[in-house]
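**Q** The structure's right below; bear with me while I get my questions together.
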Amino acid sequence: MEKLKSLVPETLRRSIAASAADDLPRTCSSLADFLLHFEPFQQMVRDLADPEVALCGKNKEAALEAKQKGNKCFLRSDYAEALDCYTQALRVAPMDVDEDRNLVTTLYTNRASVLQKLGLLRECVQDCNRALQTSSNYAKAWYRRGKANASIGNYEDAICDLDVAKVLELSISGKRQIESEMKIISDQHKSTIPSEQDNENNSNILDELRQMELQCVTTPEKGRGMTSTSDLPQASLVHTEDPFAMIILKPCRETHCHYCLNELPADKVPCTSCSIPLYCSQKCRIQAGGKMCWDYPSNQNILENLSANLEKYIVDTTLNVESETDTEHIPEHKHECKGVHWPAVLPSEIVLAGRVLVKSVIKRRGSTDTFHLSEISIVILISQIRVNSMTIVRMKSIDHHGLEDQFGKLTPWGEGLTSNMEQVKVGQAIYISGSLFNHSCQPNIHAYFLSRTLFIRTTEFVTSGVPLEFSYGPQVGQWDCKDRVKFLEDEYSFRCQCRGCLNVNFSNLALNGFHCVKPNCPGIVLDSGVVNIEREKLKYLPRIVSTSSVEPHLQVEEFNTDEINKLAPHVQPNNVFDINPGFCLKCGSYRDLESSSAAADKARTRIRRLRDAIVSQDVSSTVLLDALSSLGLLRSTFFAYNRSIAEAEDNLAQAFCLVGELQPAMEHCKASIEILEKLYNPNHIVIGYELVKLSSLQLSLGDRAAADSINRLYQIFSCYYGSHTYVIFPYLRFLRREKHISSLEDQLT
Ligand SMILES: C[S@@+](CC[C@H](N)C(=O)[O-])C[C@H]1O[C@@H](n2cnc3c(N)ncnc32)[C@H](O)[C@@H]1O
């Protein structure tokens, strides 16, 4: 692709780059004309579309080779490697429905053995199901399913599985062995007390989604946007939606399901017609690609000698998922499957545009409208995708079992939760209604994803008619106004008109502010970048602060009294000096920002060194002491709520944790939270993440304040994720359970 791009004449490239909207039809047509008559382009399309040459065709020889490798790994007990080999073999194995026992059946059965060895018993049962769906008379697969079902306590299924295996087994000795195993399982079954069902969290999402009346309103500043016709309490679910079209991002192609975007399990399911996508289940495979071309084998020949119950059991086991799956919607992968697999070679936005087009074409079939697409509409579509698509993110999962161990032993939280929560970008999607929500750097709603479904919740009480806006990325508290404005202009090509950017705001000044040169003065000193963007807003500030209330002739709605109150202690109430870079807003003293910045940069370099040491898990006392003295310098140079101080405190908390000194770790963690509470707000999700770290340290130290921290973080997460809190942050259960255990211990002592 890059090579092809470099072959487009420079003049043509320049004329397209410099095109105004009116010129685009002409310049784009020139590019289309050029490519249509350009032989290397034609050849590339031919190569990509040729199933023989293309990357994604099935290949029986390659599948057999990978299978052999898998068998060898299995024999030398290298199960992890065997798992990879069988999965690779399944990706390229063709579905030979004519053969008595096709390769796919054997591969799923072999992989089931590996999964059994690895203790992944549910996954083992799934692979047996897949094997039986292609060859229902395969005794070995029924037998393995029975053994795995017995191990996870599904005794009734296990007995049925072995019963079928016994019928299919040809040798008398084999039948006897199965019979004796059935007897053992049956005895185990009788001695087992049925366990209580975990009924928690079965709430129906649709029940939660009240009949919110959202309406689309248009303003000159932001175009269309969404509001509610009634007041909305905090944490209300206001919108859910499945994407019109979606694409998995390239870095996640081997790790996440290509349909639902959840992390892939050990029993990955490849596409039956090509070798590219991987799914977490058959259901996702079918949703993505539609029902595939092969038919299920008939069960007729094995059903003859069986009881009616067992007959029904076989039918249920071998036909379950496929027949139940709703395939009404338009499958995204189907038109890309076989021949060339475009997502492997083209940029995500182009593939997404292709999926939008296919869906539109299919939807119009049957309607009388004709569908005509010119080069210019494709260009518009692609640029609209840039503006309107949403990036689907996932919270990187924490290993719960590891967590449980840590709680069990109450060991220090070195590698656990004192590190920051990480989000992974997994997909890009078009949501038809979701893309009508505008951006705010101080949002009042929060968007998140469960598999590919978008959910939107209020994070504060929202009065009817107030715009509902989530953040497209930057937020007040994270960056100052000029950085946010620049980011949004670069990434989304609009100048932000949100409340966080238009109004006076404490964080916009504090985040990168300097300390006054007088050590005891609480005033803020601003640099020229901040002054330039804030000067207009600050013009009214001294008068507002001096009267402690907003003067009637000023536009009241533009001033948030909470923000003014936060600023009041740090600025001079009387307008006696100008707002200039380097001058304290409280006492007017001058600070030489050039030399202060140079000194602060050195301190930040030493903090970065500490960060590197944390990453390599090798924190020496020299690095730690250096960082501590740098923190002192940052505190005397920067304003008390400057973000660099919060970051230094956070790094020190992690470093002390790593070296096993939990008390100072906890103090630094608290200091970081104190700053972030001012920059964001005390109930912001960022504070929730910090409280996870703090509470885990408090638990390790046996500090009773852990209970309050855990309650607080639970409140914050519930406000952002409502009934999905535990689905998104499963470890919160462990924290709450541990809090409960500590409080019981307190009662005992
Ligand atoms: C995903 S669309 C939102 C819906 C859009 N307003 C419409 O009329 O279709 C994003 C576009 O909305 C506008 N927009 C969204 N948030 C904005 C904001 N805070 N300030 C100014 N324009 C905004 C920008 O034009 C941006 O490119």
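**Q** Which of the residues spanning segment 500-538 are within 16 Å of the ligand (Cβ to nearest atom) and not in a helix (DSSP H, G or I)?
**A** Matches in segment 500-538: ASN503, ASN505.
**Q** So, one more: For segment 131-149, which residues satisfy the criterion of being surrounded by 22 or more Cβ atoms within 10 Å (Cβ to Cβ), among the polar types (S, T, N, Q) and part of a helix (DSSP H, G or I)?
**A** The answer is THR134, ASN149.
**Q** Give segment 284-313 a look and list any residue that's at pLDDT 80 or above and surrounded by 18 or more Cβ atoms within 10 Å (Cβ to Cβ), or say none.
**A** CYS284, ARG285, ILE286, GLN287, ALA288, TYR313, listed by residue number.
**Q** Test THR368 against the stated conditions and say whether it is more than 25 Å from the chain's Cα centre (by Cα), over 21 Å from LEU278 (Cα atoms) and modelled with pLDDT under 60.
**A** yes
**Q** Could you check segment 466-488 and list, in sequence order, the residues that are within 11 Å of the ligand (Cβ to nearest atom) and within 15 Å of ASN503 (Cβ to Cβ)?
**A** PRO467, GLU469, ARG484, VAL485 - these are the residues of segment 466-488 that are within 11 Å of the ligand (Cβ to nearest atom) and within 15 Å of ASN503 (Cβ to Cβ).
**Q** Could you check how many residues of segment 237-285 are outside any strand (DSSP E or B), among the hydroxyl-bearing types (Ser, Thr, Tyr) and within 23 Å of PHE437 (Cα to Cα)?
**A** Residues meeting the conditions: 0.
**Q** Separate question: Please identify the pairs in which a residue from segment 152-177 that is of a type in the set (Ser, Thr, Tyr) has its Cβ atom under 8 Å from the Cβ atom of a residue that is part of a helix (DSSP H, G or I), counting only partners at least 6 apart or on another chain.
**A** TYR155/ASN149; TYR155/ILE185; TYR155/SER186; TYR155/GLN188; TYR155/HIS189
**Q** Would you pick out the residues in segment 418-442 that are assigned to a strand (DSSP E or B) and more than 12 Å from the ligand (Cβ to nearest atom)?
**A** Of everything in segment 418-442, those that are assigned to a strand (DSSP E or B) and more than 12 Å from the ligand (Cβ to nearest atom) turn out to be GLN423, VAL424, LYS425, VAL426, GLY427, GLN428, ALA429.
**Q** Using the structure shown, decide if GLU667 is free of Cβ contacts under 8 Å to residues at least 24 places away in the same chain and either under 23 Å from THR622 (Cβ atoms) or in contact with an Asp or Glu (Cβ under 9 Å, 6 or more places away or on another chain) (or both).
**A** yes
**Q** With the condition kept exactly as written, say whether any residue in segment 443-456 is outside any strand (DSSP E or B), more than 15 Å from the ligand (Cβ to nearest atom), out of contact with any Ser or Thr (no Cβ under 8 Å at 6 or more places or on another chain) and over 19 Å from ASN512 (Cα atoms).
**A** yes
**Q** Please give the number of the condition VAL686 fails out of (1) β-branched (Val, Ile, Thr); (2) within 25 Å of GLY500 (Cα to Cα); (3) touching a Ser or Thr at 6+ places or on another chain (Cβ under 9 Å).
**A** Going through (1) β-branched (Val, Ile, Thr); (2) within 25 Å of GLY500 (Cα to Cα); (3) touching a Ser or Thr at 6+ places or on another chain (Cβ under 9 Å) one by one, VAL686 breaks only (3).
**Q** If you don't mind, there's one more thing I want to ask. Could you please find all residues in segment 453-474 being under 21 Å from the mean Cα position of the chain (by Cα) and closer than 17 Å to TYR721 by Cβ?
**A** Selection gives THR453, LEU454, PHE455, ILE456, ARG457, THR458, THR459, PHE470, SER471.
The values are calculated or read from the model by the stated rules, or taken from the named source; none is laboratory data. Small disclaimer: the values here were computed from a predicted structure and weren't measured. Using ideal geometry, Cβ is built from the backbone for each residue, glycine included, and neighbour counts are taken over all protein chains shown.
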